[in-house]
Amino acid sequence: MKVVNGPGGGSFLVWTLLVQLVLCGSGVYTTDHTKSCILLSESDSERKVLNRLEPLAHKNFTAETTIGTESYTYVFQLCGDAGGVPGAGVIQYDSKKTETKPKVIGRYNATQAFGGSDWVLLIYTSGDTYGERCSKEARKAMIMISCDKKAGLGQMKVELEDRQRLQDCFYLLELDSSVMCEVPESHISAGSIILIIAFCLLAIYLIGGFLYQRLIVGAKGMEQFPNYAFWVEVGNMSADGCDFVCRSQNREDARAYRGVATEPLEEEPEERDDHLLPM
Ligand SMILES: *[C@@H]1O[C@H](CO)[C@@H](O)[C@H](O)[C@H]1NC(C)=O
Ligand SMILES: *[C@@H]1O[C@H](CO)[C@@H](O)[C@H](O)[C@H]1NC(C)=O
């Protein structure tokens, strides 16, 4: 693209501001996917753990397991419909009979989340009930998500299907992800959100004003800055204010001193005239 007018520095400035604006936007708007998980009992600490998993949200992760002649496929999704089954966080279906209705192992409306520095244990309960085993209780899935720099976004495997017990049966899945290797972000305070918004507004003002001045008014050089005259005035006034407050020399003296150069030359003749008139 050819830059038609203005110095190269101008378009560089615009690009810098645009990039910052995009960063602002993404920072403010992309933290909501894990909100669709409903915690068994809402707590800030569990929410924080879920927030760390944000990059994994709403993606299907699959794993297959073979026990003897049976072969099952598991699909896990963080806070979204696993394999497209409404409400399901983890589903299981027979790999050979894909047309059969999948079993819901856990639902994301009954989530628990615990975590350490580089791992998170996610528990989905409220799954379909067992037929005969495990006291006919609801199925439950535990997903151990841990740091593995080489795993990319996520690689899942089935660790254990513990259903030979009388109760408290569960399915254990393991998901290795490089997402867990990042240092948990500190919670963004209200103050910094306000700062981010103010910064975005400033960026919009500068970019919008710049484009307006450049494209519609047709300004060039420094005048492309929005409200250039106003800001120059503000700059001058604050310089004056600073001069008034900070300068060690007394302002009266300064004026008197300045006056020596100009005023006497003009005023003295008049004064002399005044003296002369009555005579
Ligand atoms: C997950 O898988 C289901 C079924 O294959 C599909 O309908 C859905 O679009 C997938 N979701 C994502 C986010 O890929
Ligand atoms: C989750 O949803 C299922 C079906 O929609 C419902 O049967 C179950 O009671 C819900 N669980 C919780 C903890 O709300």
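The values are calculated or read from the model by the stated rules, or taken from the named source; none is laboratory data. Keep in mind it's a predicted model, so treat the numbers as computed, not measured. Every residue, glycine among them, receives a Cβ derived from its backbone with ideal geometry; neighbour counts consider all protein chains shown.
For Glu161, state whether it is modelled with pLDDT under 90 and over 27 Å from the mean Cα position of the chain (by Cα).
On the way: modelled with pLDDT under 90: yes; over 27 Å from the mean Cα position of the chain (by Cα): yes.
Yes; evaluated as a whole, the condition is true for this residue.
Where in segment 30-97 are there strands (runs of 3 or more DSSP E), lying wholly inside it, with at least 2 residues that are under 17 Å from Gln112 (Cβ atoms)? Before you say what the answer is, go through the steps one by one.
On the way: elements: 61-67, 70-76, 88-94.
The qualifying strands (runs of 3 or more DSSP E) are 88-94.
For (1) farther than 16 Å from Ile143 by Cα; (2) at pLDDT below 90; (3) of a type outside the set (Val, Ile, Thr); (4) touching an Asp or Glu at 6+ places or on another chain (Cβ under 7 Å), each residue gets a yes or a no:
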| site | (1), (2), (3), (4) |
| --- | --- |
| Thr34 | no, yes, no, yes |
| Gln77 | no, no, yes, no |
| Ala88 | no, no, yes, yes |
| Ile91 | no, no, no, no |
| Ser95 | yes, yes, yes, yes |
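Pairs only if they're at least six apart or on different chains, beta carbon under 7 angstrom, first in segment 56-77 and in contact (Cβ under 8 Å) with a residue 60 or more places away in the chain and among the small types (Gly, Ala, Ser), second assigned to a strand (DSSP E or B) and more than 16 Å from ligand 2 (Cβ to nearest atom); list them, first residue then second.
From segment 56-77, the pairs are Ala63/Tyr74; Ala63/Met156; Ala63/Lys157; Ala63/Val158; Ala63/Leu173.
Looking for whichever is within 16 Å of ligand 2 (Cβ to nearest atom) and either at pLDDT 90 or above or in the same structural domain as Leu173 (by TED's automatic domain parsing) (or both) here; the options are Ala110, Ala57, Ala63. Which one fits?
Working: Ala57 fails: within 16 Å of ligand 2 (Cβ to nearest atom); Ala63 fails: within 16 Å of ligand 2 (Cβ to nearest atom).
Selected residue: Ala110, the only one of Ala110, Ala57, Ala63 that is within 16 Å of ligand 2 (Cβ to nearest atom) and either at pLDDT 90 or above or in the same structural domain as Leu173 (by TED's automatic domain parsing) (or both).
Can you say whether Tyr108 is away from ligand 1 (no atom under 13 Å from the Cβ) and closer than 13 Å to Tyr171 by Cα, as far as the supplied structure shows? First the steps, then the outcome.
On the way: away from ligand 1 (no atom under 13 Å from the Cβ): yes; closer than 13 Å to Tyr171 by Cα: no.
Answer is no for this residue.
Picking from Met156, Met144, Met180, which residue would you name as being touching a Phe, Trp or Tyr at 6+ places or on another chain (Cβ under 8 Å) and assigned to a helix (DSSP H, G or I)?
Numbers: Met156 fails: assigned to a helix (DSSP H, G or I); Met144 fails: assigned to a helix (DSSP H, G or I).
On inspection, the qualifying residue turns out to be Met180.
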